[in-house]
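Down below is the structure, laid out as structure tokens.
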Amino acid sequence: MSALSAGARDRLRIAVTLGDPRGIGPEVAAEAARRLRESTAAIDLTFIGPTGTHAESSADAFDAVGDWTGGSAAEAGRLAGLAIERGARLALEGAVDALVTGPIDKAALYAAGWMEPGHTELLARLCGAADPVMMMCAESTLVGGPLRVVLATTHHALRDVPALFTHQRLVRQTRATYEGLRTLWDIPEPRLALCAFNPHASDGGRFGTEESILYVPALEELRSEGIEATGPIPADTVFVRALRGEFDAVIAPYHDVGMAAFKTVAFGHGVNVTLGLRIIRTSPDHGTALDIAGRGLADASSMLEAMRLALVLAARRSAALTRA
């Protein structure tokens with residue numbers, strides 16, 4: 001396969017998992033690859049998925065993990081899970097420079113035997129990473145400026161968040177975000193905002209105590225390390241301030257408070273980036289869209305942005321390693 005050959009070392013090599021074969025992943029991957037080729041020549045793509053999917057007809061390499069002729073959700077989840085494992089292995093072995101993952105159906109993945117609630121957690125296990133960072137990134141948004149949002153807790157029921165959102169977790173997630181922006185985004189001194197946990201940042205303790213118990217010591221520890229972090233800032237203002245250019249990223253305490261703001265200004269063009277891994281991984285910001293798959297209605301814009309960002313980050317990491 002051309003994308004895995006030793007002679008391709010002068011070209012960036014991206015592996016793309018096609019996600020759930022019942023969904024729009026295969027078709028948006030094929031369309032995004034076609035559009036990417038119009039502006040980028042020095043790239044080798046390897047699609048990873050079952051035979052019988054849209055991207056199989058691409059001129060790029062195809063790494064089959066099985067056959068798909070239609071079937072149960074569990075079978076779709078099995079093939080999607082195998083593709084993720086294969087892609088992670090290629091990236092860890094250095095056979096590709098970055099991994100782009102197509103959307104999966106979490107219920108199907110569960111039905112096939114994988115226990116992780118999403119890509120972030122599954123890739124963390126495969127890569128041996130204790131604290132992966134889920135960052136939603138849009139370098140341009142509907143209001144113009146970029147927005148990067150880190151979800152300090154990811155795919156969990158809201159009732160479980162208070163026990164998971166600890167001072168130590170807040171510090172680790174913020175620290176990893178700081179290092180990721182420095183090394184992969186070339187931002188020498190990232191400016192980070194900590195989104196409050198409670199309404200109005202608890203209003204002096206009227207609506208909770210997390211701001212004083214968790215955020216104050218976290219900020220002290222981060223600042224002692226030279227990390228510029230501001231907060232806690234109420235959720236109803238922090239994202240506006242970030243969009244105006246005041247911050248390079250926002251650390252959100254739980255999934256929906258960050259995702260609601262992010263997708264409002266960047267849906268269809270956002271990219272999910274996992275920091276804290278030994279590999280570069282990006283993904284489109286949408287799901288499988290089973291209801292429109294195969295009908296020619298899927299928008300490949302987010303997948304295209306995920307591929308473009310993977311290329312940028314891979315090039316930066318390669319340059320950094322060369323300098324070292």
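The values are calculated or read from the model by the stated rules, or taken from the named source; none is laboratory data. Everything quoted here is computed from the prediction, not taken from an experiment. Note that each Cβ is placed from the backbone with ideal geometry, even for glycine, and that neighbours are counted across all protein chains shown.
Residues are listed down the side, and each one gets a yes or a no for (1) within 16 Å of residue 120 (Cβ to Cβ); (2) more than 15 Å from the chain's Cα centre (by Cα); (3) not small (Gly, Ala, Ser):
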| position | (1), (2), (3) |
| --- | --- |
| 220 | no, yes, yes |
| 224 | no, yes, no |
| 230 | no, yes, yes |
| 242 | no, yes, no |
| 258 | yes, no, no |
| 277 | yes, no, yes |
| 306 | yes, no, no |
In the range 253-291, anything of a type outside the set (Val, Ile, Thr), part of a loop (DSSP other than H, G, I, E, B) and more than 22 Å from residue 105 (Cα to Cα) is listed as 253, 276, 277, 278
Of the residues in the range 167-214 that are over 20 Å from residue 154 (Cβ atoms) and basic (Lys, Arg), the one that is surrounded by the fewest Cβ atoms within 10 Å (Cβ to Cβ) is 206
Residue 19 passes all but one of the listed conditions (1) closer than 24 Å to residue 318 by Cα; (2) buried (at least 20 other Cβ atoms within 10 Å of the Cβ); the exception is number (1)
Regarding residue 294, is this residue surrounded by fewer than 17 Cβ atoms within 10 Å (Cβ to Cβ) and either closer than 30 Å to residue 97 by Cα or touching a residue at least 60 places away in the same chain (Cβ under 8 Å) (or both)?
yes
Is it the case that residue 237 is modelled with pLDDT of 95 or more, in the same structural domain as residue 316 (by TED's automatic domain parsing) and either in a helix (DSSP H, G or I) or under 19 Å from residue 180 (Cβ atoms) (or both)? no
Expected single match for among the small types (Gly, Ala, Ser), over 17 Å from residue 155 (Cβ atoms), in the same structural domain as residue 155 (by TED's automatic domain parsing) and surrounded by 21 or more Cβ atoms within 10 Å (Cβ to Cβ) among 266, 252, 310, 314 is 266
When every residue in the range 139-163 that is assigned to a strand (DSSP E or B) and at pLDDT below 95 is compared, the one surrounded by the most Cβ atoms within 10 Å (Cβ to Cβ) is 141
Residue set 215, 178; condition at negative phi and either at pLDDT below 95 or touching a Gly at 6+ places or on another chain (Cβ under 7 Å) (or both); output residue 215
Selection over the range 199-223 where residues are free of Cβ contacts under 8 Å to residues at least 24 places away in the same chain and hydrophobic (A, V, I, L, M, F, W, C) yields a count of 2
* **Qualifying residue in the range 269-287 (condition: crowded, with 18+ Cβ neighbours inside 10 Å, farther than 15 Å from residue 134 by Cα and modelled with pLDDT under 95)** => yes
Checked 289, 249, 260 against criteria (free of Cβ contacts under 8 Å to residues at least 24 places away in the same chain and of a type in the set (A, V, I, L, M, F, W, C)); the one match is 260
Query raised in the report: Would the range 224-236 turn up any residue that is touching a helix residue (DSSP H, G or I) at 6+ places or on another chain (Cβ under 8 Å), in contact (Cβ under 8 Å) with a residue 60 or more places away in the chain, of a type outside the set (Gly, Ala, Ser) and surrounded by 24 or more Cβ atoms within 10 Å (Cβ to Cβ)?
Result: no
Check: Would it be correct to say that residue 319 is in the same structural domain as residue 33 (by TED's automatic domain parsing), buried (at least 21 other Cβ atoms within 10 Å of the Cβ) and either in contact (Cβ under 8 Å) with a residue 40 or more places away in the chain or more than 26 Å from residue 23 (Cβ to Cβ) (or both)?
Finding: no
Considering the range 36-72, residues that are in a strand (DSSP E or B) and of a type in the set (Ser, Thr, Tyr), and then whichever is surrounded by the most Cβ atoms within 10 Å (Cβ to Cβ), we arrive at 46
Next item on the list: Considering every residue within the range 188-207, establish whether at least one is assigned to a strand (DSSP E or B), among the small types (Gly, Ala, Ser) and at pLDDT 95 or above.
Entry: yes
